[in-house]
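Engineer: A single structure is presented below for examination.
Only the coordinates and a few stated rules stand behind these numbers; no lab work does. Everything numeric in this text was worked out from a predicted model, so none of it was measured. Cβ atoms come from the backbone with ideal geometry, glycine included; neighbour counts cover every protein chain shown.
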Amino acid sequence: MSGSANQAVGRAGARFTPETVLCAILAVGAVAVAFVNGHYLTLFTFAAVYLIGAMGLNVLTGYMGIISIAHGALVCVGAYATAIATVNYGWNFWPAAGLSTLVGLGFSVLLGLPALRLSSWYFVLITIAFTLVVPAMLVEWRDFTGGYAGVIGIPSPSIGPLQGQTGFFVILVAVAALLWWIIANLVNSRIGWALHALRDGNIGAQANGISSARMRLFAFAFSGACAGLAGAFYAAAKIVVTPEEFSFEFSILFLFIVVLGGPGRLAGPLFGVLAFYVLPELLTALREYRMIVFGFGLLAFSVFLPAGLAGGVDQVGRRRSRKAMVGAPTGRLKHEAEPVEGASLTIANLRKQFGGLKALDDVTLNVEPGSIHVIVGPNGSGKTTLLNVVSGFYPANGGTIKLDGAELLGMAPEQIAKLGVQRTFQTPKLLGDLSVLENTCFGAYTREKASGFEIALSLLRAVREKREITREAHQLLSLVGLDGMAHLPAAELTHGQQRLAEIARALMARPRLILLDEPAAGLSMGELDRLGDLLKEIRRLGMTLVMVEHHIELVANVADHVTVLDQGRILAAGTSEEVFNDEAVINAYMGGAK
Ligand code: ADP
Ligand code: MG
């Protein structure tokens with residue numbers, strides 16, 4: 001096992017994890033059983049429909065972390081759209097399914113709109129209300145929906161030789177497989193990483209240029225479209241749709257499938273459907289008590305299997321390979337990145353107060369393009385606050401901050417990131433369960449050109465761009481000395497190494513201004529030397545660098561200009577030699593000790 005460090009790891013990035021392999025075996029088994037026995041064919045037809053719906057919900061609830069009760073209600077709306085279009089208006093199944101997809105998408109976005117700004121708890125309430133209203137509407141709106149009697153005689157889809165019940169099942173399996181592939185493409189891209197970062201409340205996401213509203217909108221649209229499409233197939237499989245079958249239980253079943261199957265894992269919905277739909281259907285006795293079983297399942301899972309069935313399988317499969325996961329840094333500098341035009345940063349009379357505390361008090365400083373400007377000062381002197389205000393995380397109480405003459409104050413962090421400002425954090429904010437390589441690639445978020453559509457279908461531009469970005473990320477990782485750890489989950493790095501990985505991630509964006517908060521903290525002696533070289537390399541490439549740092553030797557080695565902060569005010573400024581020999585500075589540092 002020992003030589004296989006690189007292939008054994010890579011968690012979310014690798015496609016062939018233990019869970020996906022087991023999953024493929026189960027899926028092939030299910031399809032085979034369905035073909036052999038007609039009874040099972042019906043069962044697995046519905047299982048495939050549920051799977052399509054659940055995969056969509058997994059994007060919203062699993063990857064994005066927004067809980068929806070209304071998924072089944074969206075399936076219901078999709079089912080009725082197809083039923084009415086085909087039976088009442090004589091449409092062919094496929095255009096009707098397209099309509100259902102759009103209807104599902106539309107309703108999902110409408111339900112989600114308030115959640116773009118409000119907390120997602122409101123969304124849960126809205127989705128509960130929607131789930132209760134839909135069946136009532138179907139009964140009331142009799143002329144259109146057939147009331148209690150429903151709509152009868154929905155045709156099944158067919159394509160060429162794929163006819164009848166078997167043909168339908170083959171179509172469903174193909175659609176589910178296609179959807180799986182699309183989601184896999186999305187999940188292993190900046191879109192999936194952005195969902196993940198937002199779900200985890202990672203503030204690094206904003207520093208990376210991600211708009212939370214846009215990502216939420218995407219998740220609502222995608223999951224709604226899947227629900228609508230699943231609804232079309234559901235109607236065809238049922239032949240008859242009535243309001244009664246779309247109970248609260250139907251809606252919540254999707255949530256159980258996703259949460260218990262393994263939220264935010266590709267294989268989760270398949271495990272969920274097999275365990276919580278197929279199994280109870282097979283064991284008829286269990287079917288009656290399904291909700292009770294789910295309730296206890298939820299309790300047991302939250303204690304023993306928080307990552308659901310898929311997560312459990314994954315853990316067992318990985319246990320043995322964990323030891324092989326420690327790599328060694330290569331420490332080679334082979335960076336050949338293009339030069340960047342550094343921006344100037346002009347801060348004037350900047351003030352920031354926390355209640356009565358003046359964290360920044362009339363700070364004025366000027367950072368030359370392409371220079372290394374170091375901020376030093378005792379603990380609590382306002383250094384981190386300064387970076388937080390410049391990068392848009394804190395609003396200021398007064399003053400101006402200009403990047404090449406453009407005012408930054410009042411802009412959101414993601415807007416500032418898009419202007420070419422990148423930062424790292426005093427406490428690293430990497431996505432711990434993604435690999436170091438993925439975290440680094442994620443840094444290219446603001447400059448990636450391939451659209452979500454191109455990424456989802458793995459079109460040429462998306463594939464090329466991903467390859468190019470991965471290549472650059474490897475280069476940057478070797479520049480910071482972490483290439484040997486590219487495939488480790490970021491959480492397994494020391495804090496010092498995580499800081500270096502954050503620098504690599506920030507550099508991926510090709511920023512014009514880069515803000516580093518105490519990059520040397522927690523580094524070993526060797527790493528410290530490399531950091532010095534790295535900072536000079538960043539300057540050589542033309543970027544402007546503002547760095548908060550305590551390490552005097554490092555500062556003396558790299559700084560073009562040093563500004564000393566004390567209690568939010570500028571105490572001294574000049575070259576490192578000037579400021580470190582300054583009486584006031586020496587007193588401020590020694591003040592506490594005397
Ligand atoms: P430094 O990075 O120089 O050690 P900080 O900028 O983190 O200092 O903090 C400067 C002062 O502002 C400290 O007194 C700190 O307690 C206060 N401060 C920083 N962030 C906040 C906050 N979010 N809320 C309230 N006070 C804060
Ligand atoms: Mg600080």
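Engineer: Is there a pair in 383/418; 358/536; 352/449; 383/449 whose C-alpha atoms are over 27 Å apart, and which pairs would that be?
Structural biologist: 358/536; 352/449; 383/449
Engineer: If I fit a long axis through the Cα atoms of helix 18-36 and take the longest principal axis of the Cα atoms of the chain, what angle between them do I get, 0 to 90°, rounded to 10?
Structural biologist: So the inclination is approximately 10 degrees.
Engineer: Next up: Given 405, 545, 503, which one lies farthest toward the positive end of the charge dipole of the range 345-589, if we put +1 on the Cβ of every Lys and Arg and -1 on the Cβ of every Asp and Glu?
Structural biologist: Projecting each Cα onto the dipole axis, the largest value belongs to 405.
Engineer: Just need the relative contact order of the range 413-516 here, percent rounded to a whole number, with Cα pairs under 8 Å and 6+ apart.
Structural biologist: Result for the range 413-516 is 50 percent.
Engineer: Quick one: length gained pulling residue 133 to residue 577 fully straight, 0.36 nm per residue minus the C-alpha distance?
Structural biologist: Result: 152.6 nm gained on full extension.
Engineer: Oh, and also: Taking the Cβ-Cβ separation of residue 584 and residue 341 as r and a Förster radius of 35 Å, what is the calculated FRET efficiency to the nearest 0.05?
Structural biologist: The value I calculate is 0.45.
Engineer: So how many Å³ per residue does the convex hull of the Cα atoms of the chain work out to?
Structural biologist: About 179 Å³ per residue, rounded to a whole number.
Engineer: Pairing the Cα long axis of helix 248-261 with the longest principal axis of the chain, what angle in degrees results, from 0 to 90 and rounded to the nearest 10?
Structural biologist: It is inclined by approximately 50 degrees.
Engineer: Could you give me the ³J(HN,Hα) list for the range 414-424, computed from phi with Karplus coefficients 6.51, -1.76, 1.60 and θ = phi - 60°, whole Hz, x at Gly and Pro?
Structural biologist: For the range 414-424, the Karplus curve yields 5, 5, 5, 4, 5, 7, x, 10, 10, 9, 10 Hz.
Engineer: Separate question: Among the trypsin sites (Lys or Arg not before Pro) within the range 177-222, which fall in a DSSP loop and have no more than 11 other Cβ atoms within 10 Å of their own Cβ? The partial results should precede the final answer.
Structural biologist: Values: sites: 190, 199, 214, 216; in loops: none.
When the trypsin sites (Lys or Arg not before Pro) of the range 177-222 are filtered for loop state and at most 11 Cβ neighbours within 10 Å, nothing remains.
Engineer: Then there is this: Could you tally the net charge around residue 255, taking each other residue with its Cβ under 14 Å from the Cβ of residue 255, Lys/Arg +1 and Asp/Glu -1? Please report the intermediate quantities before stating the final value.
Structural biologist: Numbers: positive: 290; negative: 249.
Local net charge: 0.
Engineer: A further question on this structure: Please report the net charge: other residues with Cβ closer than 12 Å to the Cβ of residue 346, K and R +1, D and E -1. Mind dumping the intermediate values first?
Structural biologist: On the way: positive: 402; negative: 368, 404, 407.
Result for the neighbourhood of residue 346: -2.
Engineer: Residue by residue, what Karplus-based ³J(HN,Hα) values in Hz, rounded to whole numbers, does the range 182-196 have, using 6.51, -1.76 and 1.60 with θ = phi - 60° and x for Gly and Pro?
Structural biologist: Rounded to whole hertz, the list is 4, 5, 4, 4, 5, 5, 8, 9, 4, 5, x, 5, 5, 4, 4.
Engineer: Please list the non-local residues whose amide H lies under 5 Å from the amide H of residue 569, H modeled 1.01 Å from N, same-chain partners needing a gap of 5 or more.
Structural biologist: 361
Engineer: What is the set of long-range amide H partners of residue 262 at a cut-off below 5 Å, with H atoms built 1.01 Å from backbone N?
Structural biologist: Placed amide hydrogens put 309, 310 under 5 Å from residue 262.
Engineer: Given only helices, namely DSSP H runs of n ≥ 4 each adding -39500 (n - 2.57), what is the per-residue ellipticity at 222 nm of the chain, to the nearest 500 deg cm²/dmol?
Structural biologist: After summing the helix terms and dividing by the residues of the chain, the value is -17000 deg cm²/dmol.
Engineer: Still on this structure, I have one more. Please turn the phi angles of the range 145-162 into ³J(HN,Hα) values with the Karplus equation 6.51 cos²θ - 1.76 cosθ + 1.60 (θ = phi - 60°), one per residue in order, whole Hz, x for glycine and proline.
Structural biologist: Couplings: 9, x, x, 4, 5, x, 10, 10, x, 6, x, 8, x, 8, 9, x, x, 7 Hz.
Engineer: For the chain, take the longest principal axis of its alpha carbons; what is the angle in degrees between that and the long axis of helix 38-57, to the nearest 10 within 0 to 90?
Structural biologist: 30
Engineer: Hey, another quick one. Give the cross-link partners of residue 402 among the aspartates and glutamates, using a straight C-alpha distance below 18 Å as the criterion and excluding same-chain residues fewer than 8 apart.
Structural biologist: 341, 361, 362, 368, 414
Engineer: Taking neighbour Cβ counts within 10 Å as the exposure measure, how do 248, 46, 271, 254 sort from fewest upward?
Structural biologist: Fewest-to-most Cβ neighbours within 10 Å comes out as 248, 46, 271, 254.
Engineer: Let me ask you something else. Please report the antiparallel percentage of DSSP beta bridges with both residues in the chain, rounded to the nearest 5.
Structural biologist: 60
Engineer: Pulled fully out, how much extra length does the chain show between residue 302 and residue 569, if you take 0.36 nm times their separation in residues and subtract their Cα-Cα distance?
Structural biologist: 91.2 nm
Engineer: Right, here's the next one. Of 469, 152, how do they rank once you tally other Cβ atoms within 10 Å and put the fewest first?
Structural biologist: Fewest to most other Cβ atoms nearby, the residues stand as 152, 469.
Engineer: Order by neighbour count: 483, 361, fewest other Cβ atoms within 10 Å first, most last.
Structural biologist: 361, 483
Engineer: Taking the DSSP beta bridges in the range 345-589 as the whole, what percent of them are antiparallel, to the nearest 5?
Structural biologist: Of the beta bridges lying entirely in the range 345-589, close to 55 percent run antiparallel.
Engineer: Amide H to amide H under 5 Å from residue 66: which residues, 5+ apart in sequence or cross-chain, H placed 1.01 Å off N in plane?
Structural biologist: 61
Engineer: Note down the net charge around residue 499, summing +1 for each Lys or Arg and -1 for each Asp or Glu among other residues with Cβ under 10 Å from its Cβ.
Structural biologist: -4
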